[in-house]
Amino acid sequence: MSNCSAMKTVLISGAGIAGPTLGFWLKAAGFEPTLIERAPALRSGGYVIDFWGLGYDIAERMGMIAEINRVGYKVRELRIVNDRGRRAAGFGTKLFTELTGGRYVTLPRSELSRLLFEKIKDSAEVIFDDEIISLEENADGVQVQLKHSGERRFDLVIGADGLHSTVRKLAFGPPEQLEKNLGYIVAAFEARRYRPRDEDVYLMYDQPGRMVGRFTLRNDQTLFLFVFAVDGDPLPSTLDQQKAVLHGKYAAGGWECPSVLAELDRATELYFDSVSQIRMRSWSKGRVALIGDAAFCVSLLAGQGSALAMISAYVLAGELAEANGQYQQAFDNYEARLRPFIETKQRAAERFAGAFAPKTRWGLSFRNQVIRAFAIPGLATLAIGREINDNLQLPEYDLRSFQHR
Ligand SMILES: Cc1cc2nc3c(=O)[nH]c(=O)nc-3n(C[C@H](O)[C@H](O)[C@H](O)COP(=O)(O)OP(=O)(O)OC[C@H]3O[C@@H](n4cnc5c(N)ncnc54)[C@H](O)[C@@H]3O)c2cc1C
């Protein structure tokens with residue numbers, strides 16, 4: 001095992017996707033991670049994510065694949081419908097399965113977060129309903145003031161607290177300079193006993209500048225997703241205000257918009273956030289480093305935020321395990337390994353932004369033409385194959401020998 005005596009205790013802020021993954025791998029390498037989560041319990045809600053590539057590989061190394069496949073779904077088709085619910089465009093997803101050798105699954109974000117947390121909850125200190133309010137680095141550690149649990153000292157502090165990271169704010173300054181807003185808002189909620197159901201089909205309906213998606217879950221649940229263009233208006237903060245914004249955007253919509261909005265009125269939980277990227281010059285400062293969305297959010301439109309969060313957690317843990325206490329070296333290696341890969345993903349997400357909810361009728365029609373072209377097998381392989389392969393070799397670290405403990 002690596003000598004990590006000079007940096008044993010690690011405070012991880014955020015128990016979403018990146019945080020528990022980092023906790024797992026640090027624990028495996030002999031560190032003492034503490035997870036602190038602002039919410040009173042693991043956050044549920046959010047839409048489904050497609051899971052493949054290096055994220056899938058890391059989950060496999062964590063011994064989670066059987067569980068992930070058990071709670072996941074094998075989507076058959078992406079179907080875009082018109083005002084009357086008729087198919088306007090779409091494609092079968094068999095191709096994804098072929099391109100990934102069957103290592104492809106769709107699952108609710110909340111399930112992935114829960115399964116990752118299960119892996120660490122009994123072997124690390126976990127603090128819910130609390131957060132860091134100040135950080136002060138000194139020669140031998142970071143003095144941290146917690147909102148409810150007083151002052152503590154840690155060797156290292158890692159921000160895994162998402163797009164609006166507090167650790168980033170405290171250590172690196174105001175968010176405005178680092179956040180690039182892509183001009184869309186995303187919202188998601190879950191409803192019970194909704195009809196109709198279309199098992200294993202992603203349904204999407206759109207009008208210029210707005211789309212709504214529906215995905216059927218087990219246990220008579222249905223997930224809804226909204227993505228719509230905005231002109232830099234401030235994000236509404238209360239549930240009622242957020243619902244009002246969605247009503248304003250979708251009230252005139254066709255398809256199932258009226259019944260989706262009626263379900264929304266009954267919802268008590270709604271995920272609602274801006275579609276933004278985080279672009280930083282450096283992902284670490286002294287004894288503080290960032291992973292996942294906190295460091296480099298690529299945005300929902302990259303469709304891979306969770307996998308990237310897991311990759312960054314795995315690589316940071318590996319580099320720390322091999323650094324013999326030289327945390328600065330570990331942080332530098334972590335960033336050098338991932339930055340070019342992440343920047344490619346960010347550029348792709350920006351290019352793809354318009355295709356998710358095109359802002360004009362012409363844009364919608366063009367997007368549908370492209371999707372129809374996906375029915376031509378060679379073309380689809382060419383178009384999707386380029387995007388689906390992760391252009392990164394997952395490093396092998398010593399900590400692999402500690403997996404499944
Ligand atoms: C409830 C929820 C629903 C989501 N739904 C979607 C979705 O439908 N589609 C999509 O593409 N992406 C969604 N995301 C974002 C997606 O999970 C991330 O892009 C991706 O998984 C990266 O993971 P992460 O661990 O870096 O960040 P996140 O998954 O965002 O996790 C960050 C965690 O940090 C916690 N946190 C925040 N601030 C603090 C603080 N100050 N102190 C302590 N803890 C803090 C949050 O409560 C959260 O648990 C959602 C995120 C959340 C939290």
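The values are calculated or read from the model by the stated rules, or taken from the named source; none is laboratory data. Just so you know, these numbers come straight off a predicted model, no measurement behind them. When we count neighbours, we look across all protein chains shown, and the Cβ atoms used for this are built from the backbone with ideal geometry, even at glycine. The accessibility values were calculated without ligands, DNA or RNA, using every heavy atom of the protein model including side chains. Shrake-Rupley method; radii C 1.70, N 1.55, O 1.52, S 1.80 Å.
Under the convention that each Lys and Arg Cβ holds +1 and each Asp and Glu Cβ holds -1, the size of the dipole of the range 161-236 around its Cα centre is about 240 debye. Computed over protein heavy atoms with a 1.4 Å probe, the carbon and sulfur contribution to the accessible area of the chain reaches 50%. Taking amide H positions as modeled 1.01 Å from N, with prolines and chain starts lacking one, the residues under 5 Å from residue 182 and 5 or more places away or on another chain are 275, 276, 277.
With a 1.4 Å probe and all protein chains left in place, how much accessible area per residue does the range 4-64 have, in Å²? It would help to have the intermediate numbers written out before the result.
Values: 1600 Å² over 61 residues.
Averaged over the residues of the range 4-64, the accessible area is 26 Å².
Projecting the Cα atoms of 29, 41, 53 onto the dipole axis of the range 1-94, where Lys and Arg carry +1 and Asp and Glu carry -1 at the beta carbon, places 53 farthest toward the positive end.
Our note on the geometry: Cα centres of the range 69-118 and the range 305-348, 28 Å apart. Comparing 347, 103, 337 in a Gaussian network model of the chain (Cα springs below 10 Å), the most mobile by mean-square fluctuation is 347. Normalised per residue, the accessible area of the range 141-236 is 40 Å², obtained with a 1.4 Å probe and no contribution from ligands, DNA or RNA. Derived value for the chain: Kirkwood hydrodynamic radius 22.0 Å. Basis is the mean of 1/r over every pair of different alpha-carbon atoms. Residue 344: accessible area at probe 1.4 Å, nearest 10 Å²? Rounded to the nearest 10, the figure is 80 Å². Taking only Cα atoms and a 10 Å spring cutoff, compute GNM fluctuations for the chain and point out the largest among 394, 116, 35. Top of the fluctuation ranking is 394.
For the chain, the residue among 156, 318, 224 whose Cα projects farthest onto the positive side of the dipole built from Cβ charges is 224. Compared with the dominant Cα axis of the chain, that is its longest principal axis, helix 305-322 is turned about 20°. Using heavy atoms of the protein chains and a probe of 1.4 Å, the accessible area assigned to residue 360 is about 70 Å². Residues whose amide H lies under 5 Å from that of residue 32, counting only those 5 or more places away or on a different chain, are 9, 10; hydrogens are built 1.01 Å from N in the peptide plane. Considering helices alone, the calculated mean residue ellipticity of the chain at 222 nm is -11500 deg cm²/dmol, with DSSP H runs of length four and up weighted by -39500 (n - 2.57) and normalised per residue. Annotation: aspartates and glutamates with alpha-carbon distance below 14 angstrom to residue 74 (same-chain offsets under eight excluded): 50, 98, 198, 199, 200.
In this calculation the C-beta distance from residue 74 to residue 396 is compared with R0 = 51 Å, giving a FRET efficiency of 0.95. Mind checking the dipole of the range 45-181: about its Cα centre, +1 per Lys or Arg Cβ, -1 per Asp or Glu Cβ, Debye to the nearest 20? Once rounded to the nearest 20, the dipole reads 1120 debye.
The lysines whose alpha-carbon is closer than 24 Å to the alpha-carbon of residue 345, local same-chain residues fewer than 8 away aside, are 94, 169, 180, 285, 359. A Cβ-based charge dipole, computed about the Cα centre of the range 100-150 with Lys and Arg at +1 and Asp and Glu at -1, lands at about 500 debye.
Computed extension length for residue 195-residue 350: 52.4 nm, one decimal, from 0.36 nm per residue of separation with the Cα-Cα distance subtracted. Extension gain, residue 140 to residue 128: 0.36 nm times the residue separation minus the Cα-Cα distance gives 1.7 nm.
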